[in-house]
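K.L.:
Below you'll find the structure I mean.
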Amino acid sequence: MKTPVFTGTCTALITPFQPGGAVDYAAFGRQIDRQLESGVDALCVCGTTGESAALTREEHVRLVDFCAAHVAGRCKVVAGSGSNDTAQALYLCQHAQESGADALLLVTPYYNKTTQTGLIHHYEYLADQTDLPILLYNVPSRTGLSFTAETYRILSQHPRINGTKEASGNFSLLAETMAYCGDELNVWSGNDDQALSMLALGAKGLISVVSNLVPEPMAELTHSFFRGDLEGAREIQLSYLPLMQALFSQVNPIPVKAAMAAVGLDSGVLRQPLWKMDPAPRRALRETLRAFGLLPAEG
């Protein structure tokens, strides 16, 4: 049995950029503090929501350094360290270990992709070169590549491959993987709207986008479940579904940054090629924010 890196809710942090393009580290620190005060169990830095694909290597490593130092052991820090270049991923993995991060999040190679055999070699090579536990990351809508259950089974035998963030939405794959791997591969939901369903199948928690905006209820969703309060978890999952849908009405993190800016949080600007929300979904998002009491009603 592999002890999960964390149990509960992990916020996939946005990266706030100043209008001139630089990372706003003061705002980032305030985000981290707000998350910790809200009871989340872990923080993920430099993931998809953090616009990792648009970060320079120097920005990436400094963000991980900053997050690990600012958290200072108050919760688990998961460092996004994946790449479509194995050598680049190795550099990010080794730096994250030096920074004091608790675990690595490694997305499947994107664009050039690879075969299932290539995936196995990629991850086993990286796992052999670090002492940190690894969370695989399956998000084929972004990468065009998915693990198979058999590949998951093979990788689960490596002692440092702790689990996977599953954002494929494929429950047949999830069930088959859990049947194959048992306690050798922990699973976390990578989709807010599927959190409770995945918890019911045995997931250890949620890596959340929505908790950037509303951390308390997203933390309470998983905490309620693990306390045995299934009805409480179900209430949060269903009542917050419209907000979850609104925050994914366009490419993440476009809507969550727009929502945070609208309610006065330090979200910063987007880095191109991401662009501000289109008018119609932006209006719908603001209506949803009002319905949840996050914006005042229009007079």
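The values are calculated or read from the model by the stated rules, or taken from the named source; none is laboratory data. The structure presented is a predicted model; accordingly, all values stated were derived computationally and were not measured. No Cβ is skipped: glycine too gets one built from the backbone with ideal geometry, and neighbour counts run over all protein chains shown. Note: accessible area is taken over every heavy atom of the protein model, side chains too, but ligands, DNA and RNA are not part of it. Shrake-Rupley method; radii C 1.70, N 1.55, O 1.52, S 1.80 Å.
K.L.:
Condition first: within 24 Å of Val77 (Cβ to Cβ) and either free of Cβ contacts under 8 Å to residues at least 60 places away in the same chain or open to solvent by less than 50 Å² (accessible area, probe 1.4 Å) (or both). Now tell me which residues in segment 131-143 satisfy that.
P.N.:
Asp131, Leu132, Pro133, Ile134, Leu135, Leu136, Tyr137, Asn138, Val139, Thr143
K.L.:
Among the residues of segment 9-42, how many are free of Cβ contacts under 8 Å to residues at least 40 places away in the same chain and touching a helix residue (DSSP H, G or I) at 6+ places or on another chain (Cβ under 6 Å)?
P.N.:
Looking only at that region, the number is 1.
K.L.:
Name the residue that is surrounded by the fewest Cβ atoms within 10 Å (Cβ to Cβ), counting only residues in segment 38-61 that are assigned to a loop (DSSP other than H, G, I, E, B) and acidic (Asp, Glu).
P.N.:
Only one residue fits best here, namely Asp41.
K.L.:
Give the number of residues within segment 270-299 that are assigned to a helix (DSSP H, G or I) and over 23 Å from Phe17 (Cβ atoms). First the steps, then the outcome.
P.N.:
Step one: of segment 270-299, the residues assigned to a helix (DSSP H, G or I) are 279-291.
With the extra rule that they be over 23 Å from Phe17 (Cβ atoms), the set shrinks to 280, 283-284, 287-288, 290-291.
Residues meeting the conditions: 7.
K.L.:
Still on this structure, please answer the following. Identify all residues within segment 62-77 that are not in a helix (DSSP H, G or I) and not aliphatic (A, V, I, L, M); write none if there are none.
P.N.:
Passing the criteria: Gly73, Arg74, Cys75, Lys76.
K.L.:
Quick check on my filter: what residues within segment 218-240 are in contact with a helix residue (DSSP H, G or I) (Cβ under 6 Å, 6 or more places away or on another chain) and hydrophobic (A, V, I, L, M, F, W, C)?
P.N.:
Hits for segment 218-240 are Met218, Leu221, Phe225, Ala233, Ile236.
K.L.:
Follow-up question, since we're still on this one. Scan the helices (runs of 4 or more DSSP H) fully inside segment 219-269 and keep the ones with 3 or more residues being over 14 Å from Asp193 (Cβ atoms) and open to solvent by less than 20 Å² (accessible area, probe 1.4 Å). So that I can check it myself, show each step before the final result.
P.N.:
On the way: elements: 230-239, 241-246, 254-262.
Filter on segment 219-269 gives 254-262.
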